[in-house]
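Notes follow the structure.
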Amino acid sequence: MALWRVHVELEDRPGRLGELATAVGRAGCNILSLHVVGEPADDGSVTDELLVKVPEGTAHTELARAVEAARIPCTLMVPADATELADGATTALALARMVAADPGSAPEAVATLLRARLVDPTAPPTGHSHTLRVGQRHVHLGRGWAFTATELSRAAALLELAAQLSLTDPPSRQVPVVDHILLLHDGSEVRLRPALPADAPLVGAMHARCSPSTRNARFLSPAPRMEPAELDRLLGGAEGLLGAARTVLALTIDGGSAVGMMNLERTNAEGAGFSVVVEDAWQCRGLGTALTRRAAELATEQGNDELTATTPTQNLRITRLLRRAGLRPTAEIAGGMLQVRAPLLSPAGAVSGRHGVA
């Protein structure tokens, strides 16, 4: 299965959208999302962007031919990836939240919103580029297809928010977004940062998306709903930022969805209990190993000598994660549960930095 981003010029008349869906279906493909990205032309047509699933064995050229056969102009067809299936409104709200917390992050937020990259304006141009100007701020963007006025107006709104916050909030009082951009094995990226009490909706939604077996391995229950008291405990709602620092979230690069979580709790003077959960669709990419390494780093920083975990006896993944993180765990069955212990490395072995590879 492959995902393709498709732009079409669709006339504004009854039944035309149905004709587009029929043409895509005739090629054996499926429309996963559709939204307007361009303003109306003189003839009333608008630019619609589709994410289309093309099955194995079907060439994307067959999709293009089917759409053109329906007399629907196709202006763009480029490969896409699964991260682009995120809900657009959720992504925009998450990016606005990021800018509100740190106005200096506005250029990165704009690039994420437009599926573009920040470019050096002095470098030779490649693809399509555009410079947004709001006040004294200049943001230079580039990507493989043209920007539309509708998209640029959305980006300008984010920049205007950042400019307004910069004027009303002294820099010394702004709360920086401390995060770690992690490159996974398949080339996708996630954002690691300490959890906050306000992240409860993101964690609750991730918990519901996990399979019953994943939920049971982490929380000893397959129930899809996490109780508010449990969320409060995990995210430090009762203890403020000090408690929240023991929980690290892995978020999609736009911050709109949580896809993994690590929790660390001091169990005694020497040991720290830890747990890791990764949403099923994000497993087998190295994220669980990266979260386990982060648990070891935090435990070492707070003076612990070992990591411990209690999990169902069939959950041997926890020992594999510890080994992949460079530790040497031992395990025993006690009280019907698997008790895991892993001595920690010296602080000199800790991994740090903003960018990393899982």
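If you go through region 187-203 one residue at a time, how many are small (Gly, Ala, Ser) and under 20 Å from Leu264 (Cα atoms)? Let's see the steps before the verdict.
Our first condition is that a residue be small (Gly, Ala, Ser); within region 187-203, this holds for 187-188, 195, 198, 200.
Next cut, under 20 Å from Leu264 (Cα atoms) only: 195, 198, 200.
Total meeting the criteria: 3.
Just a yes or no: is a residue in region 309-316 at pLDDT below 95, surrounded by 13 or more Cβ atoms within 10 Å (Cβ to Cβ) and part of a helix (DSSP H, G or I)?
no
Being among the small types (Gly, Ala, Ser), more than 17 Å from Arg13 (Cα to Cα) and surrounded by 12 or more Cβ atoms within 10 Å (Cβ to Cβ) narrows it down to one residue among Ala70, Ala59, Ala66; which is it? Quick ask: steps written out before the conclusion?
Details: Ala70 fails: more than 17 Å from Arg13 (Cα to Cα); Ala59 fails: surrounded by 12 or more Cβ atoms within 10 Å (Cβ to Cβ).
When all the criteria are applied, what remains is Ala66.
Every residue in region 261-288 that is of a type in the set (S, T, N, Q) and either over 17 Å from the mean Cα position of the chain (by Cα) or not assigned by TED's automatic domain parsing to the domain that holds Gln339 (or both), please. Step through it out loud before you land on a result.
Quick first cut of region 261-288, residues of a type in the set (S, T, N, Q) only: 263, 267-268, 275, 283.
Hits for region 261-288 are Asn263, Thr267, Asn268, Ser275.
Do we have Ala27 as closer than 27 Å to Ser257 by Cα, of a type in the set (Gly, Ala, Ser) and buried (at least 18 other Cβ atoms within 10 Å of the Cβ) here?
Numbers: closer than 27 Å to Ser257 by Cα: no; of a type in the set (Gly, Ala, Ser): yes; buried (at least 18 other Cβ atoms within 10 Å of the Cβ): yes.
Taking the combined requirement at face value, the residue does not satisfy it.
Considering only residues that are in a strand (DSSP E or B) and either closer than 15 Å to Glu9 by Cα or of a type in the set (Phe, Trp, Tyr) (or both), which ones fall in region 30-50? Talk me through it step by step, then tell me what you get.
Let us first name the residues in region 30-50 that are in a strand (DSSP E or B), namely 30-36, 46-50.
Selection gives Leu34, His35, Val36, Val46, Thr47, Asp48, Glu49, Leu50.
The values are calculated or read from the model by the stated rules, or taken from the named source; none is laboratory data. Treat the numbers as computed from the prediction; the structure is a model and nothing was measured. Using ideal geometry, Cβ is built from the backbone for each residue, glycine included, and neighbour counts are taken over all protein chains shown.
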